[in-house]
Amino acid sequence: MAETLTVPTMADYMARGEAPEILFWVGCAGSFDDRAKKITKALVKLLQKAEVKFAVLGTEEACTGDPAKRAGNEFLFMMQAMMNVQVLNGYGIEKIVTACPHCFNTLKNEYPELGGSYDVIHHTQLLRDLMKDGKLKVEGGSFKGKRITFHDPCYLGRGNGEYEAPREVLEKLDAELSEMKRCKTRGLCCGAGGAQMFKEAEKGDKEVNIERTEDALEVKPDIIAAGCPFCNTMMTDGVKHFEREDNVQVLDVAELIASAADL
Amino acid sequence: MIDYMEQVLHYLPQVLFAVALGVTSYFFYKSIARIRRNINLGRDLQLEGPTAERWKTMARVAMGQTKMVVRPVAGIMHILIYLGFILINIEVLEILLDGLLGTHRLFKPLLGKAFYSFLIGFFEFLALLVVVACVVFLYRRNVHKLKRFWKPEMKGWPAKDGNYILIIELILMSFLLIMNASDPTVDGFLISGFLKPLMPADEGTLHLIERVAWWGHILGIFAFLNYVPYSKHFHIIMAFPNTYWSNLNAKGSFNNLESVKKEVELMMDPNADPYAAPPEPDPNAAVLRFGAKDVKDLSWKQLMDSYTCTECGRCTSECPANQTGKMLSPRKIMMDTRDRLEAVGKNIDEHGPDHDDGKALLGDHISAEELWACTSCNACVQACPVNIDPLSIIMDLRRYLVMEESNAPTELNSVFTNIENNGAPWQFAQADRFNWASE
């Protein structure tokens with residue numbers, strides 16, 4: 001893809017003696033995973049369209065330490081956290097947006113005790129606010145008649161009590177929003193959390209993502225909406241398992257909005 | 001002499017009652033002291049958060065049972081038993097006073113006959129609802145065989161315990177109704193009024209039935225009170241302090257280990273002298289492990305959680321790992337913690353405080369396979385009607401596995417290496433982190 005985005009870094013801003021409104025924390029998945037990179041780009045385009053003054057850390061960003069912490073390696077988590085706090089505080093960061101609920105949770109809840117207090121929001125919360133303020137407008141036309149079901153990421157929903165922002169954003173698409181039988185507080189995990197993403201599942205009789213994809217396919221959706229790069233992977237694998245990839249798409253909320261906005 | 005014997009016989013029931021009450025109180029006190037001591041074996045933990053919010057949480061979750069009704073059938077049935085239990089205690093108070101003072105239906109003249117009849121009638125109505133709820137619960141456990149009551153950790157004592165509680169409650173409620181039905185000094189109560197025609201006409205027999213039911217009811221309550229601390233049913237007490245001490249932070253927020261923080265800070269401090277002698281260790285300080293191997297490494301709140309668990313299994317039935325056939329069951333984590341804590345407490349009683357039985361929570365009760373099945377999704381924490389947090393115990397045991405035993409699954413060890421070297425869980429170079437923008 002020859003499409004090059006102009007994405008300002010914190011270093012660029014610093015060099016100009018300016019500061020952005022908000023830091024976009026891309027995260028490891030958003031930076032390296034081919035599928036998640038598309039989500040990153042979709043969000044960048046939306047931020048640019050809404051004329052949000054944002055920047056990324058680029059090569060100065062490093063893993064928040066979330067997978068290390070959930071896997072029990074508190075040492076490694078602390079090292080990552082303290083290094084990141086140094087970088088973030090060095091740039092005087094106040095506000096952070098991220099498209100990964102795991103980064104979101106760690107930055108928001110676990111960094112303050114380590115000297116890193118920022119106003120951290122999930123990208124679905126930012127999109128909702130931009131829409132509310134009229135800075136981002138979408139025509140829902142292309143999604144009319146489509147059925148969308150939203151899968152709650154554990155670390156956004158139960159972990160931080162945010163169930164409504166992604167739904168409010170999706171409502172703007174004029175599509176039919178259909179809830180799975182297990183949703184919101186009782187939503188079932190995709191199977192990736194707690195560092196499971198990076199290891200084989202323990203012995204059992206089923207994969208968690210298959211169980212969850214069944215929930216999703218039960219509502220006969222055209223689109224399964226996700227708000228987390230890891231959920232996205234797990235649900236995509238689940239849809240492939242049932243050989244339904246031709247008529248069921250798994251897309252991030254940001255991708256749906258970007259596509260509706262013709263970006 | 002005859003007068004004296006008459007006097008003794010006259011006061012005998014009162015004396016017997018006082019002795020029974022004394023013995024009951026003594027054993028109950030001993031149980032509470034034992035459990036309190038055991039909970040205090042846990043690590044010290046300062047729980048922050050405004051007192052007002054703590055009271056509100058307790059009022060909402062424990063008193064208001066807001067999390068019970070998420071599942072309406074069990075929730076409503078449970079509320080019936082709960083209300084019955086609380087309100088019928090007013091009648092138990094009368095029984096206690098009657099027993100000690102040698103009176104009969106002390107409250108009747110005090111409250112006036114009409115109001116007294118209304119009140120007892122209301123209690124009888126509750127008693128009937130309790131009977132219905134207990135029967136439904138017995139049916140769900142034993143006939144309908146609800147899946148979560150038949151998981152492996154429920155075999156043996158836990159299953160029996162559940163049934164004993166329901167049966168004892170049925171017996172107590174029956175005594176209550178029979179007691180009222182066979183009492184000639186009162187009549188026309190809401191439910192027992194219908195039982196009156198079934199009672200024998202003979203005054204002596206009737207009196208005997210009334211006395212047996214009266215003593216049966218109160219001695220049954222005394223016995224039950226001392227059964228409760230050995231049973232999962234202890235939640236009727238622990239639900240209140242445990243919800244008061246609820247975690248008020250976001251569920252996704254895991255605690256940062258202070259011990260690790262200090263070490264890492266020192267490691268990253270460019271001004272730290274690597275050859276400096278370590279500070280004189282405090283000889284009284286307990287050896288602080290990274291994570292938890294045994295119950296003493298857990299906090300008092302985590303241990304309190306284990307005594308609060310009533311093994312309802314809502315956590316396990318919502319757990320994604322358990323639903324897909326993995327070994328992990330959050331309820332088992334809580335049951336194991338309590339079993340191990342009881343064993344540690346027993347060791348202290350029998351062999352003194354420093355006895356080491358060579359066993360631990362990790363390994364002897366909970367296996368690494370169970371711990372590694374957890375997705376940390378918080379479904380168990382959300383599901384618990386009394387705000388128990390099985391996830392925090394799972395995490396502390398994982399921390400021990402990784403930081404003290406270097407015993408993580410191989411794939412995770414590569415993840416650690418990658419994060420340490422490249423700042424990402426995958427093997428990509430840090431320098432390539434921004435390539436996405438120009439691809």
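The values are calculated or read from the model by the stated rules, or taken from the named source; none is laboratory data. Bear in mind that the values here come from a model prediction, so they are computed numbers and not experimental data. Here Cβ is always computed from backbone atoms with ideal geometry, including for glycine, and neighbour counts include all displayed protein chains. Calculation scope for accessible area: heavy atoms of the full protein, side chains included, ligands and nucleic acids excluded. Shrake-Rupley method; radii C 1.70, N 1.55, O 1.52, S 1.80 Å.
List of remarks:
- In summary, chain A shows an alpha-carbon radius of gyration equal to 0.99 times the 2.2 N^0.38 Å reference for compact globular proteins.
- Distance violations [Cα-Cα > 23 Å] among A:LYS203/B:LYS251; B:LYS30/B:LYS296; A:LYS45/A:LYS172: A:LYS203/B:LYS251
- Of the GluC sites (Glu not before Pro) found in the stretch A:179-263, the ones in coil according to DSSP and having at most 11 other Cβ atoms within 10 Å of their Cβ are A:GLU200, A:GLU243.
- Mean-position separation - Cα centroids, the stretch B:310-373 and the stretch B:169-187, in angstrom: 42 Å
- Working from label points 7 Å from Cα in the Cα-to-Cβ sense, the B:PHE27 to A:GLU176 distance is 6.4 nm.
- Working note: Cα gyration tensor of the stretch B:1-51, eigenvalues times five, square-rooted, sorted largest first, giving semi-axes of 47, 12, 5 Å.
- Beta bridges per DSSP with both ends in the stretch A:138-260, % antiparallel, nearest 5: 0 percent
- Carbon plus sulfur fraction of accessible area for the protein assembly as shown, probe 1.4 Å, in percent: 58 percent
- Axis angle, to the nearest 10 degrees, between helix B:113-142 and the longest C-alpha principal axis of chain B: 50 degrees.
- Per residue accessible area of the stretch A:10-129, 1.4 Å probe, in Å²: 30 Å²
- With 10 Å bins from 0: P(r) over the stretch B:313-407, alpha-carbon pairs, percent: 16, 43, 29, 11, 0
- Anchor A:LYS38: lysines whose Cα lies under 20 Å away (excluding residues fewer than 8 positions away in-chain): A:LYS49, A:LYS240
- Residue among B:GLY352, B:GLY423, B:GLY188 with the largest mean-square fluctuation in a Gaussian network model of chain B, springs linking Cα atoms under 10 Å: B:GLY423
- Mean partner shielding of peptide A:60-67, defined as the number of other chain Cβ atoms within 10 Å of each residue Cβ, is 5.
- Crossing angle, helix B:203-227 versus chain B [Cα axis fit, 0-90 degrees, rounded to tens]: 10 degrees
- Counting only cysteine Cβ atoms and a cutoff under 4.7 Å, chain B contains unmatched residues B:CYS134, B:CYS309, B:CYS312, B:CYS319, B:CYS374, B:CYS384.
- For the stretch B:377-417, the percent of C-alpha pairs falling in each 10 Å distance bin, counted from 0 to the bin holding the largest distance, reads 27, 37, 26, 10.
- Burial annotation for the stretch B:251-269: residues with an accessible-area loss of at least 50 Å² between the isolated chain and the complete set of protein chains, computed on heavy atoms with a 1.4 Å probe, are B:GLY252, B:PHE254, B:ASN256, B:LYS261, B:VAL264, B:MET268.
- Rounded to 10°, Cα long-axis angle of helix B:390-399 versus longest principal axis of chain B: 30 degrees
- Among the listed pairs B:LYS151/B:LYS301; A:LYS41/A:LYS184; A:LYS181/B:LYS67, those beyond 24 Å (Cα-Cα): B:LYS151/B:LYS301; A:LYS41/A:LYS184
- Between the stretch A:25-56 and the stretch B:376-425, the Cα center-to-center distance that results, in Å: 28 Å
- Interface of B with A. Using a 1.4 Å probe and counting protein heavy atoms only, the two chains hide about 5900 Å² of accessible surface, both sides summed.
- Every Cα-Cα pair of the stretch B:119-196 was included, and the share exceeding 22 Å stands at 38 percent.
- Projecting the Cα atoms of A:SER178, A:GLY115, A:LEU23 onto the charge dipole of chain A, computed from C-beta unit charges around the Cα centre, puts A:SER178 farthest toward the positive end.
- Chain B, accessible area per residue, ligands and nucleic acids excluded (1.4 Å, Å²): 50 Å²
- Measuring nothing but alpha carbons in the protein assembly as shown and taking Rh as the Kirkwood radius, the Rg to Rh ratio lands at 1.07.
- Going from the isolated chain to the complete set of protein chains, the stretch A:107-140 loses at least 10 Å² of heavy-atom accessible area (1.4 Å probe) at A:ASN109, A:GLU110, A:GLU113, A:LEU114.
- Positive-end residue, the stretch B:1-83 charge dipole about Cα centroid, Cβ charges, pick of B:PRO72, B:HIS10, B:SER31: B:PRO72
- Projecting the alpha carbon convex hull of the stretch A:1-92 along each direction and taking the average yields 6.8 nm².
- Average silhouette area of the stretch A:138-260, convex hull of alpha-carbon atoms, in square nanometres: 7.4 nm²
- The equivalent ellipsoid that matches the C-alpha gyration tensor of chain B spans semi-axes of 54, 25, 19 angstrom, in descending order.
- Distance between the C-alpha centres of the stretch B:99-118 and the stretch A:72-102: 68 Å, rounded to the whole angstrom.
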